[in-house]
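Inspection log for the structure reproduced underneath, given as structure tokens.
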């Protein structure tokens with residue numbers, strides 16, 4: 001895991017994004033936000049499980065399907081299985097120690 005504070009995210013609502021093997025953060029101070037870092041680490045694990053490129057294909061496909069369903073970009077994003085798993089478990093800093101392989105499937 002490599003954490004980078006990125007100016008590219010400066011003018012966005014995005015606090016952090018994971019692009020394997022990097023976690024990009026909007027501000028340097030966000031390195032101290034343990035739940036955000038844990039959220040992004042969960043995405044790193046998901047990306048590894050799906051061998052990285054298939055993760056992005058699945059993620060985008062699921063987003064567009066949810067967008068067509070909800071007609072709302074925020075609701076579509078929040079309902080992606082990968083995001084549901086990460087948001088539900090980002091406060092649990094021990095989650096990755098006990099997480100089972102392909103756990104995101106239960107969030108479909």
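Listed here are the residues, each with its yes/no results for (1) touching a strand residue (DSSP E or B) at 6+ places or on another chain (Cβ under 6 Å); (2) modelled with pLDDT of 95 or more; (3) assigned to a helix (DSSP H, G or I).
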site	(1), (2), (3)
43	yes, yes, yes
51	no, yes, no
57	no, yes, yes
77	no, yes, yes
85	no, yes, yes
93	no, yes, no
97	no, yes, yes
101	no, yes, no
106	no, yes, yes
| message | I'd like to check something: does the stretch 59-72 contain any residue that is in a helix (DSSP H, G or I) and in contact (Cβ under 8 Å) with a residue 40 or more places away in the chain? | response | no
| field | Scan of the stretch 73-105 for residues that are touching a residue at least 12 places away in the same chain (Cβ under 8 Å) and over 15 Å from residue 36 (Cα atoms), ordered by number | value | 76, 77, 79, 80, 81, 99, 101, 102, 103, 104, 105
| message | Can you find, within the stretch 66-97, the residue that is nearest to the chain's Cα centre (by Cα) among those that are surrounded by 15 or more Cβ atoms within 10 Å (Cβ to Cβ) and farther than 17 Å from residue 16 by Cα? | response | 81
| message | For the structure I just gave you, tell me whether residue 42 is within 12 Å of the chain's Cα centre (by Cα) and either buried (at least 18 other Cβ atoms within 10 Å of the Cβ) or farther than 22 Å from residue 104 by Cα (or both). | response | yes
| query | Can residue 27 be described as on the phi < 0 side of the Ramachandran plot and touching a helix residue (DSSP H, G or I) at 6+ places or on another chain (Cβ under 9 Å)? | reply | yes
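The values are calculated or read from the model by the stated rules, or taken from the named source; none is laboratory data. Here the structure is a predicted model, which means the values were calculated and not measured. Positions of Cβ are backbone-derived with ideal geometry, glycine not excepted, and every protein chain shown enters the neighbour counts.
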